[in-house]
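Engineer: Structure below; questions to follow.
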Amino acid sequence: MGFNIKLPHEQAPNPYCDILHTFDHFYARKVCFVRPSEGFVIFPGGFGTLDELFESLTLIQTGKILHFPVVLVGTDYWEEMTEWIRGELLANGTVSAADIDLLHLTDDPDDAVERVLDGYRRRRGLL
């Protein structure tokens, strides 16, 4: 399922989506995107990707949504950002070690899927 957004440039629907809904506004898209999620598997991207990543982490951190796995695929791409988070945000006390534990880096698609499935099982009391 894909939640697309109308933008003046650069945004096209993912051709692999079986079901597609296109939104006019970011807020409505985010609500529909985050609330029912069982996990995020995030691939390299730009500001929009970072916005959705940090929005989800903030909502989990503040208890506004239930905890779900946030998996970053592409260790080469995400490593420097996660090192910065540890070296700056954690070191300055603006996030906790538990907040950093919300993120999981991987290059293995099976690992990404298993993390989301484990989160689902945990939330449903199946583990």
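The values are calculated or read from the model by the stated rules, or taken from the named source; none is laboratory data. All of these numbers come straight from a predicted model, not from anything done at the bench. Every residue, glycine as well, gets a Cβ built from its backbone with ideal geometry; the counts of neighbours run over all protein chains shown. These accessible areas exclude ligands, DNA and RNA; they are computed on the full protein's heavy atoms, side chains included. Shrake-Rupley method; radii C 1.70, N 1.55, O 1.52, S 1.80 Å.
Engineer: Quick one: is Leu50 open to solvent by 40 Å² or more (accessible area, probe 1.4 Å), among the hydrophobic types (A, V, I, L, M, F, W, C) and in contact with a helix residue (DSSP H, G or I) (Cβ under 9 Å, 6 or more places away or on another chain)?
Structural biologist: yes
Engineer: Right, another one. For the range 33-50, check the following and say yes or no: at least one residue is part of a loop (DSSP other than H, G, I, E, B), of a type in the set (A, V, I, L, M, F, W, C) and touching a residue at least 24 places away in the same chain (Cβ under 8 Å).
Structural biologist: The answer is yes, given that some residue of the range 33-50 is part of a loop (DSSP other than H, G, I, E, B), of a type in the set (A, V, I, L, M, F, W, C) and touching a residue at least 24 places away in the same chain (Cβ under 8 Å).
Engineer: Tell me which residues, restricted to the range 56-77, are at pLDDT 95 or above and farther than 16 Å from Gly39 by Cβ.
Structural biologist: Gly74, Thr75, Asp76, Tyr77
Engineer: Search the range 72-127 for residues being among the hydroxyl-bearing types (Ser, Thr, Tyr) and assigned to a helix (DSSP H, G or I), and hand back the single one that is surrounded by the fewest Cβ atoms within 10 Å (Cβ to Cβ).
Structural biologist: Thr75
Engineer: Go through the range 6-32 and give me each residue that's farther than 17 Å from Glu55 by Cα and either among the small types (Gly, Ala, Ser) or open to solvent by less than 50 Å² (accessible area, probe 1.4 Å) (or both).
Structural biologist: Result: Ala12, Cys17, Phe23.
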